Amino acid sequence: MDSKRPREALSLVPKRRACEDTIMRFDPYDPLPKLHPMTVTSEDFTDGGRLPTRSVMESLDLGGKDELPQLTWSDIPEGTQTFALSCLDPDAPTGAGFWHMSAFNIPASVTSIPGGAVRWGEIDWSAFGVSAEGEGPVFVRNSRNVVGYTGAAPPVGHPEHRYMFVVHAVDRVIELGSEATPAQVGMQMFNHAIGRGRITGTFGR
């Protein structure tokens, strides 16, 4: 796994005033099929509130730690075999958003994970009900080409970005490997997810 961070954060776009007036407010989940509504909560922040500092990119020198916040999910539909968990910034100026994390085949017995269980290139497998990599849960590389969670780092001067932490209940074990992309995982959710819940944090600088 990728265990070393760059000394300087990689900005999504050059720092320029042109970005100050541009922001996407499209909700990427609105056009998708409506699923059984699940509830996602966090001890670290409230839905629509500011992302906790721990979940900001460490190399920005703002006190961030590149740590996934604490998350709990409930109202799980009958027939759930596994869960998928992702974090997407739909406001990143890429035309396709920015994936901060994507994982699937999380055991159905896992409905809460502690804060910091997933970091930049580091995963506490015990938080996902297993003792080691390869025993069930699969993490794919995010938009920074890192396995794990990388913190928020929106362009300077951009309006606050949204960070959507989404849990899908899935009716099967997904047959993809760690070489899959977040988009490929998303297609599997389109075909096999039976429930969805999310909590959104915001962050800007």
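The values are calculated or read from the model by the stated rules, or taken from the named source; none is laboratory data. Keep in mind that what you see is a predicted model, and the values were worked out from it rather than measured. Every residue, glycine among them, receives a Cβ derived from its backbone with ideal geometry; neighbour counts consider all protein chains shown.
Each row is one residue, and each column tells you yes or no for (1) part of a loop (DSSP other than H, G, I, E, B); (2) in contact with a Gly (Cβ under 8 Å, 6 or more places away or on another chain); (3) modelled with pLDDT of 95 or more.
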| position | (1), (2), (3) |
| --- | --- |
| LEU12 | yes, no, no |
| ALA18 | no, no, no |
| ARG25 | yes, no, no |
| PRO28 | yes, yes, no |
| PRO33 | yes, no, no |
| PHE45 | yes, yes, yes |
- Task: Could you list, in sequence order, all residues of the stretch 57-81 that are buried (at least 21 other Cβ atoms within 10 Å of the Cβ) and in a strand (DSSP E or B)?
- Result: LEU71, TRP73
- Note on the structure: Taking the stretch 83-104 and the residues there that are polar (S, T, N, Q) and crowded, with 21+ Cβ neighbours inside 10 Å, the one that is farthest from the chain's Cα centre (by Cα) would be SER102
- Pairs, please: C-beta under 7 Å, at least 6 apart or cross-chain, first residue basic (Lys, Arg) and in the stretch 29-45, second part of a loop (DSSP other than H, G, I, E, B)? none
- Task: Could you please let me know if ARG144 is assigned to a strand (DSSP E or B), modelled with pLDDT of 95 or more and within 17 Å of the chain's Cα centre (by Cα)?
- Result: no
- Listed by first then second residue, the pairs whose first member lies in the stretch 136-165 and is over 13 Å from ALA92 (Cα atoms), whose partner is among the acidic types (Asp, Glu) and part of a strand (DSSP E or B), with beta carbons under 7 Å and at least 6 positions apart or on separate chains, are GLY148/GLU122
